[in-house]
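Working notes, beginning with the structure itself.
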Amino acid sequence: MGVTSASSKRSGTREWLFQRIANAAICLWAIVFISQVICVGASYEEWQQLFSPLWFKLYSSVTLLVICLNSVLAGWQIGTDYIKSPAMNGTYLLVVKAGSLIYALLGLYILWVL
């Protein structure tokens, strides 16, 4: 994977498998979230109650981190497929990784602090 290895002798099976498992986990979280929203309601207090249980915070945090890792992998795939200049590719990957890190930190802050 572009995050862990720069070896060109890899087949990409691990990356493909990670993406499929990550996408399944994200879809499962969406199903749980939508079912919770349907059962809860739309007021601010009800939204606070939805995100207050520890299991839902942990589940959302893990899903958020999986989304961020998945976005870094997707960015690496796009960068290596379409950006041929090493300098531009490196800059692009830095922006993708920084954006994913900021997204993860803000999401975790919102989930656990606010």
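The values are calculated or read from the model by the stated rules, or taken from the named source; none is laboratory data. These numbers were taken from a predicted model, which means no experiment stands behind them. Here Cβ is always computed from backbone atoms with ideal geometry, including for glycine, and neighbour counts include all displayed protein chains. Calculation scope for accessible area: heavy atoms of the full protein, side chains included, ligands and nucleic acids excluded. Shrake-Rupley method; radii C 1.70, N 1.55, O 1.52, S 1.80 Å.
What full-extension length gain, to one decimal in nm, is calculated for Ile78 and Gln49 as 0.36 nm per residue of separation minus the Cα-Cα distance?
Length gained between Ile78 and Gln49: 6.5 nm.
Using Cα pairs closer than 8 Å and at least 6 residues apart in sequence, work out the relative contact order for the chain, in percent.
Relative contact order comes out at 30 percent.
Calculated from DSSP H runs of 4 or more alone, at -39500 (n - 2.57) each and per residue, what is the 222 nm mean residue ellipticity of the chain, nearest 500?
Value at 222 nm, helices only: -28500 deg cm²/dmol.
Find, to one decimal place in angstroms, the Kirkwood hydrodynamic radius of the chain, where the mean of 1/r is taken over every pair of different Cα atoms and then inverted.
Computed over the chain, the radius equals 16.0 Å.
How big is segment 54-96 in terms of Cα radius of gyration and Dmax, in angstroms?
14.1, 46
Just the number please: accessible area per residue for the chain, 1.4 Å probe, all protein chains included, in Å².
I get 69 Å² per residue for the chain.
How many angstrom separate the Cα center of segment 67-95 from the Cα center of segment 11-40?
Taking the Cα centre of segment 11-40 as reference, the centre of segment 67-95 is 22 Å away.
State which helices in the chain qualify, where a helix is a whole DSSP H run, it must extend 27 Å or more along its own axis by its Cα atoms, and its mean Kyte-Doolittle hydropathy must be at least -0.5.
Passing helices, by number: 13-40, 54-82, 86-112.
For Leu94 and Tyr59 in one chain, what is 0.36 nm times their gap in residues minus the Cα-Cα distance, to one decimal in nm?
Gain on stretching Leu94 to Tyr59: 9.8 nm.
Based on the mean of other Cβ atoms within 10 Å per residue, sort peptides 62-75, 92-105 so the most packed one is first.
For the peptides 62-75, 92-105, the packing ranking is 62-75, 92-105.
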